[in-house]
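Report on the structure given below.
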Amino acid sequence: MPSSHLLLEEPIRMASILEPSKASFFSAMTKIVGTLGPKSRSVETISGCLKAGMSVARFDFSWCDPDYHQETLENLKTAIKGTKKLCAVMLDTVGAEMQVVNKSETTISLEIDAQVVLTPNQGQEASSALLPINFDGLAQAVKKGDTIFIGQYLFTGSETTSVWLEVSEVQGNDVVCSIKNSATLTGSLFTLHASQIHIDLPTLTEKDKEVISTWGAKNKIDFLSLSYTRHAEDVREARDFLSKLGDLSQTQIFAKIENVEGLTHFDEILQEADGIILSRGNLGIDLPPEKVFLFQKSALHKCNMAGKPAVLTRVVDSMTDNLRPTRAEATDVANAVLDGSDAILLGAETLRGLYPVETISTVGRICSEAEKVFNQDVYFKRTVKFVGEPMTHLESIASSAVRAAIKVKASIIICFTSSGRAARLIAKYRPTMPVLSVVIPRLKTNQLKWSFSGAFEARQSLIVRGLFPMLADPRHPAESTSASNESILKVALDHGKALGVIKSHDRVVVCQKLGDASVVKIIELED
């Protein structure tokens, strides 16, 4: 049996494991979000990241100023033009994040069983005995015996570069802690996380609002990653804020689940958000290690059934400094795909890692291999059962398109859409073949000028598993009525041929609206 058709439930021939993987235009159906930073901001490196499979660029405002990120974004635009690879932009907020203030950037050595004081007095110098922090209310939030974790952003979890503290006593506004492991803190930014403690900071801070309304609005960001989302109300407040910023009313909000509060209110948050980011860095500190996988599987299942993109973080930490992932990390990436992830988010690995391009390429190859053994049949039946009957009109069309494509072994599904919703619904059923989302621009006006919509909708599919966008020319009709008239369908088919995903005699499933009716049809290509 060819390795490309194996399922994990079937016996796998050992010889097939040694067969080389076939090259494909799409490195994987699972998308990759790359965080751009010091090691990944040149046009050359970003171009490499795009070619390797990055489809969303994340800009993390926990560090550096908007001018720095603007320079990086301009380089991204140049790289997109040069590579002709689409890429969406994600702004990641700071949120309720506590940080150690290390103005002089001195290296801080902490010894096991010694004591260190956390103080809100930011005027003092950081040392092995005293760590100034950017939050006044820590002393009121913690008590004796509570656990606090400090590490370089993003948390590596390494016992030599991150430190576990136990609260010994509270003295006024200072918190005295006992050091539980020896560690050396280096760099300009250390993040502080109090395990299972409610921190009285707003989810969308004033600094976040300023960045969104200036940098975000200017650059028409596609996604807002809402850090430390704890309640559905956090998402509603962020949406209300975005709705007042012109084009940003179309920006999708991805709720970042980072602590037990977010986990507790997960169902309501999922209902409000456009997508979910499972931030296993912070969450892995709030939860016992043996519970993290349970949350991952449960949360991904809920996202899949809701048809909302799920993004997983912290998969190949060791590639920050190494050219190859550990065996456990490689298996973790594959399991994320098998569990139903839409995208993998790389943080430190591309932000300050030594091998950003190689990391994206490696993760893409692992995802591709896992997708070959993803049991689509079981997933499809489970999703249909979950939706139940009667299905909505759109849901019925989407599931029928996927079923037809699998039955006739279609090479690709082409979906015509304006809002992107129909294409996302098709992708929800996880077809084994790529879905080409042909976004038909709509003419809109604000009573001052006319403009076409569609660019947002096209880019926002770049985070959905198996969905590959194409922005149609509004001058072309959906179907040709004469031999001389070039239709959008013909353009889409030609695009698929150029990409190498369609060839002569292949079958293609097309999903489109004709008048008030939605139609699923099967096309067999001629020579």
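Odds and ends about this structure:
- Within segment 485-527, the set of residues being closer than 26 Å to HIS393 by Cβ, in a strand (DSSP E or B) and charged (D, E, K, R) comprises ARG507, LYS513, LYS521.
- Looking across SER47, SER55, one residue alone is in contact with a Cys (Cβ under 7 Å, 6 or more places away or on another chain) and at pLDDT 95 or above. It is SER55.
- Selection within segment 58-82: residues that are touching a strand residue (DSSP E or B) at 6+ places or on another chain (Cβ under 6 Å) and hydrophobic (A, V, I, L, M, F, W, C). The member of this set that is nearest to THR205 (Cα to Cα) is TRP63.
- VAL333 of a type in the set (A, V, I, L, M, F, W, C) and at pLDDT below 95: no
- Single residue of segment 28-42 satisfying the filter (touching a Gly at 6+ places or on another chain (Cβ under 7 Å) and surrounded by fewer than 24 Cβ atoms within 10 Å (Cβ to Cβ)) that is nearest to LEU73 (Cα to Cα): LYS39
- If only residues of segment 43-57 that are without any contact (Cβ under 8 Å) to a residue 40 or more places away in the chain and surrounded by 19 or more Cβ atoms within 10 Å (Cβ to Cβ) are counted, the one that is nearest to TYR228 (Cα to Cα) is ALA57.
- Qualifying residue in segment 186-209 (condition: under 20 Å from the mean Cα position of the chain (by Cα), assigned to a helix (DSSP H, G or I) and crowded, with 17+ Cβ neighbours inside 10 Å): yes
- Taking (1) closer than 21 Å to GLN152 by Cβ; (2) among the hydroxyl-bearing types (Ser, Thr, Tyr); (3) more than 17 Å from the chain's Cα centre (by Cα) in turn, THR331 satisfies each apart from (1).
- Test for GLY284: is it touching a strand residue (DSSP E or B) at 6+ places or on another chain (Cβ under 8 Å) and of a type outside the set (Asp, Glu): no
- Every residue from segment 317-333 that is open to solvent by less than 10 Å² (accessible area, probe 1.4 Å) and under 30 Å from PHE386 (Cβ atoms): VAL333
- Note on segment 235-316: no enclosed strands (runs of 3 or more DSSP E) hold 3 or more residues that are of a type in the set (A, V, I, L, M) and either surrounded by fewer than 17 Cβ atoms within 10 Å (Cβ to Cβ) or modelled with pLDDT under 95 (or both).
- Pairs with Cβ under 8 Å, 6+ apart, first in segment 455-474 and at positive phi, second assigned to a strand (DSSP E or B) and not polar (S, T, N, Q): GLY466/VAL435
- Search result, residues across segment 107-150 that are of a type in the set (Val, Ile, Thr) and either surrounded by 17 or more Cβ atoms within 10 Å (Cβ to Cβ) or in contact with an Asp or Glu (Cβ under 8 Å, 6 or more places away or on another chain) (or both): ILE108, VAL116, VAL117, THR119, ILE133, VAL142, THR147, ILE148, ILE150
- Residue that is surrounded by the fewest Cβ atoms within 10 Å (Cβ to Cβ) [pool: residues in segment 58-98 that are of a type in the set (Lys, Arg) and part of a helix (DSSP H, G or I)]: LYS81
- Restricted to segment 330-429, the set of helices (runs of 4 or more DSSP H) holding at least 3 residues that are more than 30 Å from ASN282 (Cβ to Cβ) comprises 376-387, 393-407, 421-428.
The values are calculated or read from the model by the stated rules, or taken from the named source; none is laboratory data. Note that the structure is a prediction, hence the values are computed from the model and not measured. Backbone-built Cβ (ideal geometry, glycine too); neighbour counts: all protein chains shown. When the accessible area is computed, the model is the full protein with side chains, heavy atoms only, and any ligands, DNA or RNA have been set aside. Shrake-Rupley method; radii C 1.70, N 1.55, O 1.52, S 1.80 Å.
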